[in-house]
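Visitor: Submitted below is the structure of interest, expressed as structure tokens.
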Amino acid sequence: MISEDIIMVVCADLANQVRGKGFPASERETRVLRGVGWVPTNSLITCFNTIADGPFGPLGDLLLIPDERAEVRVAFDDGSAPEHFMLGDIRTLDGAPWNFCPRSILQTVLADLLSEAGLQLKVAFEHEFWSVADEAVPWSSFGLGNFRRCAEFGRTLLAALRSAGLTPDTFLPEYGQDQYEVTVAPSTGLRAADECVIVREMVRAVAKRTGRKVSFSPVVNEGTGNGLHIHISLVDRDGVPCTYDANGPSHLNPVAGSFFGGIRKYLPSLLALTASSVVSYERLQPHRWSAAFNNFAENDREAALRVCPVIGLEGCTAEAQFHVEYRAADATANPYLQLAVLARAGLQGIRDHEPAPTPTTGDLSLLTNDQLAKIGVVRLPSDLQSALDLLGKERLLRLWFPGEFIDVFLAHKAGETAFLQDKDTADLRRLYAEAY
Ligand code: GLU
Ligand code: MG
């Protein structure tokens, strides 16, 4: 059959769906300059493909302009069409960043962090997901037997990630039944969020070609949740690590202490931007190894902010390894917005000379609200609506984003939750599992 190469220019939108338009690969040069036409109302298409009520209606035109630095072309050499897409920015017709483009929002925040504090973010996303092949298999957490059964999937995934320009780090059968995890090496700034999108798309691309179903939804069934853990450190303009201080509180240097202090402080209000769906809040409960409080702790996998361990072996310097993991995140939120809001909260912490957070110890779910208040910790919002209410109320947080961004985000989420009315828990889980 005759065929011609198509490139998709795509963006991860407010629903964290990757959507865009295709053009002939032969038109690449022109499309990189002019992009393709895009529509404001697309930002109101929910993960269930309904359109939320919002300010745009049928009016307006935009451009989705591909970024050559974020091009992926992976040929699987199995007779299937290559995966060929470019991540892009949504701009107005005169080329200015559009206020509701998550990728442009992140670029502005990162520029502010660099100009105000001389800092960049170095980030690795740890992705957990659920995947099944046709036959149901007995499961052994982290088991070599499970690895053997999914070896073809894992090997093809690693090759696809490498061919897409990423550096695979780990692939494993995780603790939960049919649960997997994949990580790639950390990268800096915008590229880290781009890679977050690319990793998920490669997992989906390989799953399709190896006859597997896959979902990154935080809660797919009765079993273990799928987290997205965001490992963050600060580096300077030249990429030199600047988070660690051997004598600092929890080994944080003063600026990193303020940065993570800011995130901890604003965590309840910003949570809806890092865990954005109804099912997110089934995962964010005590004893699920996720995060249920706005706490910071050392080596504790139930902390929202976990100071990760430093390996003392030869050739491993503490400065280069030291980082903090944000665990109150999942794949129903947009990674550009996740990094944008964490960087904004961190920058606010630096501006306000926020003290380094005091690490908590023990099981916080055993404490009363008064006892929690004494250690300056609160339970995180326990459902999406409460998280959205807090987001809407935080005046400062609105100022971290352009124009009416927060209102449009809230309108989008109102459309998503309206669609779910009258659905029971099993339906909710199934719908989100299909969407993500
Ligand atoms: N599955 C857990 C979560 O929902 C995380 C397990 C782990 O620490 O890797 O975040
Ligand atoms: Mg894990």
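The values are calculated or read from the model by the stated rules, or taken from the named source; none is laboratory data. This is a predicted model, so every value here is computed, not measured. Calculation scope for accessible area: heavy atoms of the full protein, side chains included, ligands and nucleic acids excluded. Shrake-Rupley method; radii C 1.70, N 1.55, O 1.52, S 1.80 Å.
Visitor: List the residues, sorted by chain then number, that are 5 or more residues from GLU298 or on another chain and whose placed amide H is less than 5 Å from its amide H.
Guide: Residues meeting the criterion, in which the H sits 1.01 Å from N, are VAL307, THR360.
Visitor: Could you tell me the relative contact order of segment 147-304? Use alpha-carbon pairs under 8 Å, at least six residues apart, and round to a whole percent.
Guide: Computed value for segment 147-304: 13 percent relative contact order.
Visitor: Here is a follow-up. Once every DSSP H run of n ≥ 4 in the chain is given -39500 (n - 2.57) and the sum is divided by its residues, what mean residue ellipticity at 222 nm do you get, rounded to the nearest 500 deg cm²/dmol?
Guide: For the chain, the value works out to -10500 deg cm²/dmol.
Visitor: Per residue of segment 60-66, what does 6.51 cos²θ - 1.76 cosθ + 1.60 with θ = phi - 60° give for ³J(HN,Hα)? Whole Hz please, x for Gly and Pro, Karplus curve as stated.
Guide: Coupling constants for segment 60-66: x, 9, 9, 10, 10, 9, x Hz.
Visitor: Of the beta bridges DSSP finds with both residues in the chain, what % are antiparallel, to the nearest 5? Each step should come with its number before you reach the end.
Guide: On the way: 53 of 59 bridges.
In the chain, DSSP labels about 90 percent of beta bridges as antiparallel.
Visitor: Oh, and also: How would the chain be classified by its alpha-carbon gyration tensor: rounded, prolate or oblate, with rounded meaning a/c under 1.5 and the a/b versus b/c comparison settling the rest? Show your work: numbers first, answer last.
Guide: Working: a/c = 1.33, a/b = 1.19, b/c = 1.12.
Rounded shape, in that the Cα axes give a/c under 1.5.
Visitor: Using each residue's phi in segment 93-98, evaluate 6.51 cos²θ - 1.76 cosθ + 1.60 at θ = phi - 60° and report the 3J(HN,Hα) Karplus result to the nearest Hz, with x for Gly and Pro.
Guide: 5, 9, x, 7, x, 7
Visitor: Next question. Give a residue-ordered list of calculated ³J(HN,Hα) values for segment 363-371 (Karplus: 6.51 cos²θ - 1.76 cosθ + 1.60, θ = phi - 60°; whole Hz; x for Gly, Pro).
Guide: 8, 5, 5, 8, 8, 6, 4, 5, 5
Visitor: Using a 1.4 Å probe on the protein heavy atoms only, what accessible surface does ILE45 show? Give it in Å² to the nearest 10.
Guide: 30 Å²
Visitor: With just the Cα atoms defining each centre, how far is segment 37-115 from segment 126-178? Give it in Å.
Guide: Segment 37-115 and segment 126-178 have Cα centres separated by 29 Å.
Visitor: Give the distance, in whole Å, between the Cα centre of segment 204-256 and the Cα centre of segment 303-351.
Guide: Here the two parts' Cα centres lie 7 Å apart.
Visitor: Within the accessible area of the chain, what % is carbon and sulfur when the probe is 1.4 Å and the other protein chains stay in place?
Guide: 52 percent
Visitor: Now for a separate question. Past 31 Å, Cα to Cα: identify those pairs from LYS21/LYS213; LYS21/LYS393; LYS21/LYS265; LYS213/LYS393, in the order given. Before the final figure, lay out the partial values.
Guide: Numbers: LYS21/LYS213 24 Å; LYS21/LYS393 36 Å; LYS21/LYS265 40 Å; LYS213/LYS393 39 Å.
Too far apart for the 31 Å limit: LYS21/LYS393; LYS21/LYS265; LYS213/LYS393.
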